[in-house]
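The values are calculated or read from the model by the stated rules, or taken from the named source; none is laboratory data. Bear in mind the structure is a predicted one, so any value in this text is a computation, not a measurement. Cβ coordinates were reconstructed from backbone atoms using ideal geometry, including for glycine residues, and neighbour counts include every protein chain displayed.
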Amino acid sequence: MKVSIIGGGGRVGSNAAFALQCAGVVSEIQILDANADLAEGEALDLLHGSSAIADQRIYAGDYGRAKDSDIFIITAGLRRKPDESRLDLINRNVALFAGILGSIKAAGFRREALIFVVSNPVDILTQLAATTLGLPWSQVLGLGTMLDTARFRSLIAQELKLAPTQVKALILGEHGDSMFPVWSSATCGGLPLAKFPGVTPTFQSQIFERTKGSGAEVIRRKGGAGWAVGLTIAEVVHAIALDRRQVLPVSTVQQGAYGLRGVALSVPTVVGRSGALTHIELELWPKEAQALQSSARALQDTFTKVNVA
């Protein structure tokens, strides 16, 4: 499987490339960046380590060379400032993103290829990609709340001194201000997390607030997220490459689950070789269902204000 990372010279794109190299699942990784020298440098650095980890073709290239990609991962974008809402990025990033989509179209990409949006605001840009490229909804995925969910699970495990891989809990909705935690289905080792000692309403509130502020905290401390987002990008790519049919909180344009249509946001989604296979609609607590509807309304309102000309 060939993966092209657009914006691969940046922190997020290069960390995603490294995560994909370490796993050795995909056969080909192409790095594209507006800074061609930086893309060449990142590709060369990865190539130098290839003999130690995996037999892959790794190189820098352009849109013409990327046109036969199975997955386009778009990580290019302007960096979020401390305390800036992801949705505040929209007017600074839409023009850049539209240009990238135009370059993909002009190169003559394969119509069965998948578009995987990581750039923020990811839900708005995922919907924009689906609208612009005219692909079936299943072929355009956004990272959505994958990173928020990973942070949420890891923070729960750290606080309760549990194994992070055994904690299963979701953040759904927008990747941003209106996201919400799904405590109703949270488990650890298959057991209801709400029954564990110490999981009180106060604990739940504190963990979610830490999760919600994690992006700003990482930006403040080290300038931006990298390793964790790289790993969550790889998790989605591997679900596709290996046809795992995993249930993941990726962002896609909704088709009726929870009564939502025509808006991109994260709900439980089965991900496999052809992209987003189906949405899973399970019963939510009333306050969770209300939060999902509120998140959708906020995103719909924002999308109507996007200038895509």
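Which of the residues that make up region 118-144 are of a type in the set (A, V, I, L, M, F, W, C) and in a helix (DSSP H, G or I)?
Passing the criteria: VAL122, ILE124, LEU125, LEU128, ALA129, ALA130, LEU133, TRP137.
Which pairs do you get when a residue that is over 27 Å from HIS238 (Cα atoms), found in region 272-293, comes within reach of a residue that is of a type in the set (Gly, Ala, Ser), reach meaning Cβ atoms under 8 angstrom, with the pair 6+ apart or on two chains?
These pairs meet every condition: GLU283/SER184; LEU284/SER184; TRP285/SER184; GLU288/SER184; ALA291/GLY173; ALA291/SER178; LEU292/GLY173; GLN293/GLY259.
Are any residues in region 258-282 under 20 Å from ALA186 (Cα atoms), at pLDDT 95 or above and not in a strand (DSSP E or B), and if so, which ones?
Answer for region 258-282, where residues must be under 20 Å from ALA186 (Cα atoms), at pLDDT 95 or above and not in a strand (DSSP E or B): TYR258, VAL267, PRO268, ILE280, GLU281.
Take ALA216 and tell me if it is touching a residue at least 40 places away in the same chain (Cβ under 8 Å), outside any helix (DSSP H, G or I) and outside the structural domain of LEU114 (by TED's automatic domain parsing).
So ALA216 fails the test.
Based on this model, can you work out whether LYS81 counts as assigned to a loop (DSSP other than H, G, I, E, B) and outside the structural domain of TRP227 (by TED's automatic domain parsing)?
yes
Among the numbered conditions (1) surrounded by fewer than 20 Cβ atoms within 10 Å (Cβ to Cβ); (2) more than 16 Å from MET179 (Cα to Cα), tell me where LYS287 comes up short.
Going through the list (1) surrounded by fewer than 20 Cβ atoms within 10 Å (Cβ to Cβ); (2) more than 16 Å from MET179 (Cα to Cα), LYS287 breaks only (2).
Residue-by-condition table, conditions (1) touching a residue at least 60 places away in the same chain (Cβ under 8 Å); (2) crowded, with 22+ Cβ neighbours inside 10 Å:
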position	(1), (2)
MET1	yes, no
ARG11	yes, no
ASP33	no, yes
LEU47	no, no
TYR63	no, no
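Would you call ALA54 under 18 Å from VAL229 (Cα atoms), modelled with pLDDT under 95 and of a type in the set (A, V, I, L, M, F, W, C)?
Working: under 18 Å from VAL229 (Cα atoms): no; modelled with pLDDT under 95: yes; of a type in the set (A, V, I, L, M, F, W, C): yes.
When the stated conditions are applied, ALA54 does not pass them.
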